[in-house]
């Protein structure tokens, strides 16, 4: 049974609005960790974000999320390299585009342009290489310190991070977590995505085999499913260079100039990417950033959608929206916003009808009430899904002599309630003008995917309330029966 409690965090500054949503899910323990640094004291105007997906224990991920930023930003050489790379950045950067827009508007022109200087480009490339080396050294140094402090620990952790300067995104990836940059760039809404490191990849497999290990079934020695990670010292030899280890700690780093057409970033562990492609998440963010003003809601819905689609891993998502962009994202009059509201209202109405007719409550016999409620809620959630997606309209309840649900008495008599029919998703989309308007562009929008996975949390909450009400009614009946029973001692 999954652990559905969600850890939520929201932060913002003048540049970004950031939401973290994280869930243990079906795993026995929470091994994910994260870092959100909107402001870096040593680098004013810079930010750092990361999701760390632990395995074989949570020690490595819990340590790396705090220790790695310290190693990076308290190192004078690292800070100096970062400042030099920023100073050498060419004139087509995000910050200068903003200045250019401001100057253009003041002159009544929207088309002013800034020329490029090839010398500046060469200088920027050289300085970025220097910063890349410093980032790699920081990753190697963390691994060394973690091994020294925890010589017998078996845990490891992937990491997907973003270091953002006023002009550049530095995407830093280690393992099979992933980060995507979103913006107005073609039908997928994905401008850039990091590359996963898996043992089955050609380059990774060559390094692993050269180290003396094997790759079978997509795993190192048939055991480990990632080829780059912090920790995992059973796969590392202290006498071998970091780049030649079976499991390598050197990350892939990509520098991407910032642009006012970029809308945001999604940074997530493989609990999301095992269920969604980058294109899927790009379309998801494009849809929900237009449909809702909340920064947290899209990340939270992506979290629960991953769970509902079958993710058996810990799930963590950091959603970052950019405030200085070319246009607003949210539009309450958009098709996305209106269709989301219509779909939510329809599902809520059908859940009401389902609840009124529902009778298959499990007898409460658990010592852990909370787990019982969640487990039974998931079962009812599944049954509602089945009825809503695949069944004919929900049949009328049987004769009034049958047991009624705790939700049944709400101002209507039983005969009125049992006459009502539950509609299915097919009924809804057949009548939705917005759905039918967009159903032809399934490859370029998310409209056709909005449904039960989108509203998993709301349905689960309602299902758990049904169970709670049933348990309360059952306990009240038991107490009444106990009070009414004669005392056998008094009878004797």
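Couple of notes before you dig in:
- Distance between region 152-225 and region 323-370 - C-alpha centres, whole angstrom: 34
- Cα gyration tensor shape for region 3-322, rounded if a/c is under 1.5, else prolate or oblate: oblate
- Label-point separation, residue 10 to residue 421 (7 Å along Cα→Cβ), nm: 4.1
- Rounded to whole Å, sorted largest first: equivalent-ellipsoid semi-axes of region 212-309, Cα gyration tensor: 35, 18, 10
- Exposure proxy ranking, count of Cβ atoms within 10 Å, fewest first, for 14, 184: 14, 184
- The listed peptides 53-60, 238-245, ordered by packing as a protection proxy, come out as 53-60, 238-245 (highest mean of other Cβ atoms within 10 Å first).
- Our summary gives region 3-322 a relative contact order of 23 percent, counting only alpha carbon pairs under 8 angstrom and 6 or more residues apart.
- Mean Cβ count within 10 Å, highest first, over the residues of peptides 2-13, 274-285: 274-285, 2-13
Bear in mind these aren't lab numbers, they're just calculated from the coordinates by the rules spelled out. Here the structure is a predicted model, which is why all the values come from computation and not from measurement. Glycine also receives a Cβ, built like all others from the backbone with ideal geometry; neighbour counts cover every protein chain displayed.
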